[in-house]
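Written below as structure tokens is the structure these notes are about.
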Amino acid sequence: MEANERVKETEEKQEVWSWGAGTEGQLGTEKLQDEHIPQLLPLLPSISRLSCGGAHVIALTYGKKVLTWGRGASGQLGHGNMVNSLEPKSVQVLSNFNITHVSAGWNHSGFVSECGQVFTCGDGSFGQLGLGDYVSQSSPIKVSHFASRHVYQIACGMRHSLALLKGEHGDQVYGFGSGKRGQLGISKEKVKAVSLPQSVSGLQEVNVSSISANGDHSAALSSEGNLYTWGRGFGGAPDVCCPDRVISRFSFKQAALGWNHVLGLTDEGDVLMLGGSHHGVLNNPQKDVLVNQDLTEEQVKKIPGLNKIKVVGIASGSEHSVLITENGEVMTWGWGEHGQLGLGDTCDHTCPQLVNIAQNAEHQYITSSKVYCGSGFTFVVRACRPKQT
Amino acid sequence: MSYDDVEIEDMEWNEELKSYTYPCPCGDLFQITKEELKIGEEIARCPSCSLYITVIYNMEDFTDQKPKTNVEPPKQQPVAVA
Ligand SMILES: [Zn+2]
């Protein structure tokens, strides 16, 4: 999912932009307010990956260290307290580890170290920390259940978490936390909640390359490009308790889950959506989105208005979506009430709209961009290089 | 249009807000008080946005004189502060 290319040229500069809901400090702007247009953030250490949750952000640096900011009321920032942070602060407890993967859920956080250890903190009321209890934690605690087994990824949803393990017996996905909508995938029936990781059934034969969780949804992407989803049903469909392959003739290279939709990025650079019947019309219910209400052969439908534009990256908030084109342009659509579309207003959109992100310096071009979404906000991390004159 | 239908048992009691709450996609919380539930209100609103949800519950569970009902008052979860 991550291109993970390092900033090679010393002259290359990284820019971090944010917009949308900001009243918990999640935008990193050091202000407690929504922003309707992209805001350039004060200089941060070079970031390799972001993960945005309900109202907090986890940043992973190229030095494999972790910074967090935004809402901290459940301990999700891992700073040892329960307070919000308006500015990026390092997670001290993790400073002795090299962290390689992070995930921000609604009010909890997960961190994976280079040697495969996984740590969690934040809201634990549903067992989503995987620590065997229903207690919240304000500092990252090691999930001892996996013992010495190697965890590669963690994905944190609203009230549940997934972990991806790789080993000699193949890949294994584990689920813990709330299972009320089938999002754990651990049994044929819905389970209320589990506080210790349990193996997800039905993926044993699958070579899983990435996992994701958001809202009450879970997803796994196979190395062959198959997309599996489980949890709350999309578009009014029944909940699914075991991983279910999305029927499509396309092969996917990235998936992005919202609270009522999932986006898939195909190998050809097209974006498809499953669910999302209210995507872009939350504040205008009379208007109908004409996307995949029929669950016929193709469950997924192409996003309208993209024509021949090739897409290289996608992200989903709870009710909005973001993509990056091959030219480095950022487009957004969906719910816009908090300015999360970055278009200067609070309107909803059913088709992707171009976001105007100012060029900081006149003579520069963008070498790479990545997009990330929290529930009601958006981040773009991009590398720029001066033009040769 | 209601954003979602949510059963009361899936909502969390928030002592600070003195309300039952459920995550709102904006990042804030849908909220409804016991008093509102007592009078049959079924809409929980978010203070930060225009969205609202419909709460599914038995009014009788909240109209009793004594709050001793079969709706278990969600217990405050302990929090470990390092
Ligand atoms: Zn809201």
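The values are calculated or read from the model by the stated rules, or taken from the named source; none is laboratory data. For clarity, every value in this text was computed on a predicted model and none was experimentally measured. Quick reminder, even Gly has a Cβ in these numbers, built from the backbone with ideal geometry, and neighbours come from all protein chains shown. Remember, those area values only see protein heavy atoms, side chains included, never the ligands or the DNA or RNA. Shrake-Rupley method; radii C 1.70, N 1.55, O 1.52, S 1.80 Å.
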Restricting to the range B:28-66, what's the tally of residues that are within 16 Å of the ligand (Cβ to nearest atom) and part of a strand (DSSP E or B)?
11
Just one of the numbered conditions (1) within 19 Å of the chain's Cα centre (by Cα); (2) part of a strand (DSSP E or B) is not true of A:Gln76; which one?
(2)
For the range B:1-27, give me each residue that is within 8 Å of the chain's Cα centre (by Cα), more than 16 Å from the ligand (Cβ to nearest atom) and open to solvent by 40 Å² or more (accessible area, probe 1.4 Å).
B:Trp13
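Quickly run through the range A:222-249 and pick out the residues that are part of a strand (DSSP E or B) and farther than 29 Å from B:Asp10 by Cα. Outline the logic, then answer.
The initial filter retains those residues of the range A:222-249 that are part of a strand (DSSP E or B), namely A:222, A:227-231, A:240-245.
Scanning the range A:222-249 gives a single hit, A:Ser222.
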For A:Gly116, only one of the following conditions fails: (1) assigned to a loop (DSSP other than H, G, I, E, B); (2) away from chain B (no Cβ under 13 Å); (3) open to solvent by 10 Å² or more (accessible area, probe 1.4 Å); (4) more than 30 Å from A:Cys347 (Cβ to Cβ). What is its number?
(3)
Conditions (1) under 19 Å from the mean Cα position of the chain (by Cα); (2) modelled with pLDDT of 95 or more; (3) over 21 Å from B:Ile53 (Cα atoms): number failed by A:Gly231:
(3)
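Which residues, counting only those in the range A:60-75, are more than 12 Å from chain B (Cβ to nearest Cβ) and not charged (D, E, K, R)? Break it down stepwise before answering.
Going residue by residue through the range A:60-75, those that are more than 12 Å from chain B (Cβ to nearest Cβ) are A:60-69.
Of everything in the range A:60-75, those that are more than 12 Å from chain B (Cβ to nearest Cβ) and not charged (D, E, K, R) turn out to be A:Leu60, A:Thr61, A:Tyr62, A:Gly63, A:Val66, A:Leu67, A:Thr68, A:Trp69.
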